[in-house]
Amino acid sequence: MQRAKGESVTEDSKMGKQSDSQLKDLMKKMRDLEKKDPKKPSTQHMIKRIEKEMKKRKLTEVTSCEALYDHVITEAEYQGKKVKLNDPIRTSENPNKKFKVYVKNDKGKVVVVRFGDPNMSIKRDDPERRKNFRARHNCDNPGPKYKARYWSCFQWRAGAKVDN
C-alpha cells in the first residue's frame, strides 16, 4: 500500500502528540501483537515508528521483567538475626538448593525461600535458553514473592547479576 507524503507526516505528528506513558503503553500493546503474529507487516511498521519516536525523546522501552520485579531491599529480623529482605544470596547451609532469599509472606511473617538446583548453571545470557526457561516456568506471571518460582524467574531476567 502506497502512502502519500502528507499522510505519513500526519501520522508522525499524531505520534508526536502522544505523552511518554501513552507511547510506552502503545509499544507494549504492539509487542503483544507481535508475539501473536510476528510476521504481520503493519505491526512491524508501527513498532519501527514508535521506536523512532521513543529514540527521538530518549525514552527506553520498559520490559515485562522490569515491571514485574519492583521490590525494595529492607532490613528485618528472622529467628533473632538481622537479615536483608528481597535480596537473593547463595546458600551454604542447605546442599539441596543454590539460593535463598528472606521475604515477608502474605501474613507479614519473615520466611526464607530456597530455590535453584545447585548442580545446574544459570545460562540466562543465551536468549534462546532464557526464552525457553521463562516460558516453561510461566515467568510472565511469577506469582507471589514468597514462592520459589518468583525468585527463580527473577534470576532469569535479562541482564540479571548474582552478587553473592
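Meeting the requirement of 3 or more residues that are modelled with pLDDT of 85 or more, the strands (runs of 3 or more DSSP E) wholly within segment 68-130 are 81-85, 99-104, 110-115.
The set of residues in segment 90-114 being aromatic (Phe, Trp, Tyr) and closer than 13 Å to Glu77 by Cβ consists of Tyr102 alone. I'd like to know if segment 133-146 contains one or more residues that are of a type in the set (Phe, Trp, Tyr), surrounded by 13 or more Cβ atoms within 10 Å (Cβ to Cβ) and either outside any strand (DSSP E or B) or touching a Gly at 6+ places or on another chain (Cβ under 8 Å) (or both). Looking for residues that are of a type in the set (Phe, Trp, Tyr), surrounded by 13 or more Cβ atoms within 10 Å (Cβ to Cβ) and either outside any strand (DSSP E or B) or touching a Gly at 6+ places or on another chain (Cβ under 8 Å) (or both), one finds at least one in segment 133-146, hence yes. Could you list, in sequence order, the residues of segment 144-154 that are under 16 Å from the mean Cα position of the chain (by Cα) and either of a type in the set (A, V, I, L, M, F, W, C) or at pLDDT below 85 (or both)? Residues satisfying the conditions are Trp151, Cys153, Phe154.
The values are calculated or read from the model by the stated rules, or taken from the named source; none is laboratory data. Keep in mind that what you see is a predicted model, and the values were worked out from it rather than measured. Heads up, the Cβs are rebuilt from the backbone with ideal geometry, glycines too, and the neighbour counts pull from every protein chain shown.
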